[in-house]
Each structure stands twice: as C-alpha cells, then as structure tokens.
Amino acid sequence: MASKTKIEIKDIFFSPTKGALCLEDIVNFIAQKVSNGGNGYLLIVGTDSKRHMEYLTYVTVIILYRIGKGGVYFYQRHKSEVGRYSLQAAIYHETALSLATAAKIDDLLKKQGVTGLGIEVHSDIGNHGKTKELIQEVVSWINASGYAAQIKPESFGASKVADKYTD
C-alpha cells in the first residue's frame, strides 16, 4: 500500500503589516473585521510552489479582501520534496494545502459564529501551459470541498501574492 502524505498546517503565518500571528489570532482578526464591516468581504486561500534543486518551496496565503478596497494577507512557507519529480503531484499538494487551510479557518470562524463569509480557493493553474490538463479535476475537487475555485488569470491569491514569497 502506498504511503499518504499528511497535510499539516503550521500555526504561524506572517503578514507584512501585522507581523507573525498564530492562526487563531488571524481568525479573530477576520471575525472582528467581518462583524464590523458587514458584507463586502471575501476570504481567499491560495498556494503556489517553486521548484529548487532538492525540494519545492510551498507558500500558502490567507487574504481577507475587502471588495473594491484592498485587503490584508498572511502567508506561511515550507519546504517539501512532494512534487519534486511531478508537476501533477506539486499541483495536487498545492491544492491540498489550500483546502486544509481553508477548512481549518472555516471551522474556527464558525466556532465564533461567523457564517456566510465567501471563501475562494485560488489555484495556480490555467488554460495556458502544462497545467491546463489538471483544471477540471482541481476545480471539481475545490468545489466539492465547498469552496469557490479560481484559476488564472483570476487566481491572484496563488499566482501573485503567494508567488511573491516562493524564493
């Protein structure tokens, strides 16, 4: 039987404006903003990776986007050998990291009574290039998990924000 990779979300994320925060503090921040600002917010989770010689760097971002007015984001970076030899494995690992993060945040927000906040999962795949073969499967996986899926060029959470920190 093949071994399965366990997806673990580290507790500490970083923000250029807020510094290092644990996931619980990020959820408290989101809950406060959403309850004070009513509708007009979107929660975005995305992951990007970059291949290096011996490993891949994966960066997962959490973005609280105030529609039309910008937002704040938090990111965490880790190294892994998953996907070192397979683009498909790297994309699946990116998706799994994003979904695990979204689910954990969703649970913590609901525990605080925050419901109805739209959650999008941004995937670094698109209709151009080698990843186009994976679109249907990845988008279906995200949607089946209960989240809205975005791909390039709309997936800025993964393709722009997370990408900034993959080096």
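Quick look at the values:
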| quantity | calculated |
| --- | --- |
| Normalised alpha carbon radius of gyration of the chain [divisor 2.2 N^0.38 Å] | 1.00 |
| HN-Hα J in Hz across the stretch 151-164 - Karplus 6.51, -1.76, 1.60, θ = phi - 60°, x for Gly and Pro | 10, 4, x, 7, 8, 4, x, 8, 7, 10, 5, 4, 4, 4 |
| The chain: angle of helix 87-111 to the longest principal axis, Cα-based, in degrees nearest 10 | 20 degrees |
| Degrees, to the nearest 10: 135-144 long Cα axis against longest axis of the chain | 40 degrees |
| The stretch 74-81 - phi-based ³J(HN,Hα) in whole Hz, Karplus 6.51/-1.76/1.60, Gly and Pro as x | 9, 9, 9, 10, 8, 9, 7, 8 |
| I151, I44, I67 arranged by Cβ crowding within 10 Å, fewest neighbours leading | I67, I151, I44 |
| The chain - charge dipole about Cα centre, Lys and Arg +1 at Cβ, Asp and Glu -1, debye rounded to 20 | 200 debye |
| Antiparallel content of DSSP bridges confined to the stretch 12-165, in %, to 5 | 75 percent |
| Positive minus negative residues near F14 (Lys, Arg vs Asp, Glu; Cβ under 14 Å) | +2 |
| Sorted by Cβ density within 10 Å, fewest first, the residues Y75, Y41 | Y41, Y75 |
| Residues of type lysines that K104 reaches as a straight line, Cα spacing below 27 Å, ignoring anything fewer than 8 places off in the same chain | K4, K6, K10, K18, K33, K50, K69, K79, K152, K160, K164 |
| Residues with amide H under 5 Å from that of G118, placed H, sequence gap 5 or more | L43 |
| Charge tally in the Cβ shell below 12 Å around A148, where Lys, Arg are +1 and Asp, Glu are -1, A148 excluded | -2 |
| HN-Hα J in Hz across the stretch 45-51 - Karplus 6.51, -1.76, 1.60, θ = phi - 60°, x for Gly and Pro | 10, x, 9, 10, 9, 9, 7 |
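Taken together, the values in this text are just the output of simple stated rules run on the coordinates, not laboratory data. Predicted, not measured: the structure shown is a model, and the values here were computed from it. Ideal geometry is used to build each Cβ from the backbone, glycine not excepted, and the neighbour counts take in all protein chains shown.
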